[in-house]
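Peer 1: Below are the structure tokens for one structure; questions will follow.
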Amino acid sequence: MARSRYHVCVEEQEKAKLDLPFVGIRSFGKYPVCSDLDKLDADVAIVGMPYEATQYRPGAKMGPEGLRNASMLYSFGLNGVYDQVNDEMILTPPTRIVDCGDVDMVHGDLVQCFENIEAMVSKIVAQGAVPIGLGGDHAVSIPFGYGLEKAGPFNVVQVDAHLDWCDHRSGQRFGNGSPMRRLAEMDHVDKMWQIGIRGIGSSRKHDFEDARNYGSQIVSPEDMRSMGGVEALIEQFPKNERYYITFDIDGLDITYASGTGTPSPGGLTYDEVRKLFVGLAERGDVIGMDLVEVAPCYDPNGATAMVGARLIMDLLGAMLKKKEKLGLLKGQMK
Ligand SMILES: [Mn+2]
């Protein structure tokens, strides 16, 4: 039979299962699903926390779904990705990343939702994996922070437009304007940096004073650039200490992150946040991270979720490369 002019000559042995981004089941990055935490055996465990009680535009409870969808763009390389900056492969075997699905939610029941988040995160920590949480509104960082207790003590690096240090609003102490104060109250939380802060939020002057009195370093995008940029900021982080990164997507500028409840101009760029995460992963030991407040309903082209998913991948690449070089991956220790 005559061949078409479009015939592509592929030897049988060159054929491969491509598993392209539009094919298959949408776990984060298309990494394997682990639905039984008793059997969790991985370096990193992704967990969705679709909890929401936002103070303005709703939608963050669909964040895990949006981030998993967006992560398909980066699912080309189950056998790793070429990092052209450092001229090396990253996220290669034996690194093990799994998606544990979502924490179970009970609509309107903060107590059960938070207990479930804390239980799942602490179980992941007990199994020796680094939890990466997908919010959800920023209140999820309160039970996430308690769930990290056994991985502590640790420092907290927040990237956010807002200080989130409000003590309570009409008695509500567990809203998305309060996670940083609640974290600061935890015995296993040590130093704190709050980066990208510029937004108009629920924290008042006395909340800023309380944060500074705690010892928190509050760094606006302008502060960071005038001190010499992200490279100079990274120098402030003590080496070899443990860090939990809590990343509110609105820390990025509104041009990167309009798909959120309270988008804010004057924010950080993708490159600044990437360098910050990579610098932290290289300098310290990142023991957990969450990305919160992605609201897909205001993200019609998916760009906000894509930038968010990409920054998780950037962080994981740097974290796991460091562990690989130290021989600390689970697959290396057996
Ligand atoms: Mn926040």
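Peer 1: For helix 110-126, what angle does its Cα long axis make with the longest principal axis of the chain, in degrees from 0 to 90 and rounded to 10?
Peer 2: The two axes meet at around 60 degrees.
Peer 1: Can you give the helix-only mean residue ellipticity at 222 nm for the chain, where every DSSP H stretch with n ≥ 4 adds -39500 (n - 2.57) and the sum goes over all residues, rounded to the nearest 500 deg cm²/dmol? Mind showing how you got there, number by number?
Peer 2: Details: 9 runs with 99 residues, N = 334.
For the chain, the value works out to -9000 deg cm²/dmol.
Peer 1: Please compute the modelled spin-label separation between residue 227 and residue 8, points set 7 Å along Cα→Cβ, answer in nm with one decimal.
Peer 2: 4.9 nm
Peer 1: Let me ask something additional. Give me the net charge of residue 71's neighbourhood, meaning all other residues with Cβ under 10 Å from the Cβ of residue 71; Lys, Arg count +1, Asp, Glu -1.
Peer 2: On the way: positive: 26, 30, 68, 310; negative: 99.
With Lys, Arg at +1 and Asp, Glu at -1, the neighbours total +3.
Peer 1: With unit charges on the beta carbons (Lys and Arg positive, Asp and Glu negative) and the dipole taken about the Cα centre of the range 24-332, which residue among 329, 48, 230 sits farthest to the positive side?
Peer 2: Going by the Cα projections, it comes out as 329.
Peer 1: So, one more: Given contacts defined as C-alpha pairs under 8 Å and at least six residues apart, what's the relative contact order of the chain, whole-number percent?
Peer 2: Numbers: 705 pairs, mean separation 68.6, N = 334.
Relative contact order here is 21 percent.
Peer 1: If you find the alpha carbon centre of the range 257-314 and of the range 204-231, how far apart are they in angstrom?
Peer 2: Computed from Cα coordinates, the inter-centre distance equals 19 Å.
Peer 1: Where Lys and Arg each count +1 and Asp and Glu each count -1, what net charge lies around residue 279 among other residues with Cβ under 10 Å from its Cβ?
Peer 2: Details: positive: 274, 275, 283; negative: 231, 235, 282.
Here the charged neighbours net out to 0.
Peer 1: Then there is this: Probe radius 1.4 Å, ligands and nucleic acids ignored: give me the carbon and sulfur share of the accessible area of the chain as a rounded percent. Don't skip to the end; give the middle numbers.
Peer 2: Working: 8130 of 15610 Å².
Summing carbon and sulfur atoms, their accessible area is 52 percent of the total for the chain.
Peer 1: Express in Å², to the nearest 10, the accessible area of residue 18 obtained by rolling a 1.4 Å probe over the protein heavy atoms while all chains stay in place.
Peer 2: Residue 18 exposes around 120 Å² with every protein chain in place.
Peer 1: Using the Cα centre as the reference, give the magnitude of the dipole from point charges on the C-beta atoms of the chain (Lys, Arg: +1; Asp, Glu: -1; all else neutral), rounded to the nearest 20 debye.
Peer 2: Working: 35 positive and 47 negative charges, 109 e Å.
Roughly 520 debye for the chain.
Peer 1: Okay, moving on. Send over a whole-number figure in Å² for the accessible area per residue of the range 88-150, probe 1.4 Å.
Peer 2: I get 37 Å² per residue for the range 88-150.
Peer 1: Same structure, new question: Output the 0 to 90 degree angle, nearest 10, between the alpha-carbon long axis of helix 205-214 and the longest principal axis computed from the alpha carbons of the chain.
Peer 2: Taking Cα atoms only, the helix is inclined about 70 degrees.
Peer 1: Can you check what the net charge comes to around residue 53, using other residues whose Cβ is under 13 Å from the Cβ of residue 53 (Lys, Arg +1; Asp, Glu -1)?
Peer 2: Spelling it out: positives minus negatives among the neighbours equals 0.
The values are calculated or read from the model by the stated rules, or taken from the named source; none is laboratory data. Keep in mind that this is a model prediction, so the values were computed, not measured. Methodologically, a virtual Cβ is constructed for each residue, glycine included, from the backbone with ideal geometry; neighbour enumeration extends over all protein chains shown. We work out accessible area using only protein heavy atoms, side chains counted, and drop any ligands, DNA or RNA first. Shrake-Rupley method; radii C 1.70, N 1.55, O 1.52, S 1.80 Å.
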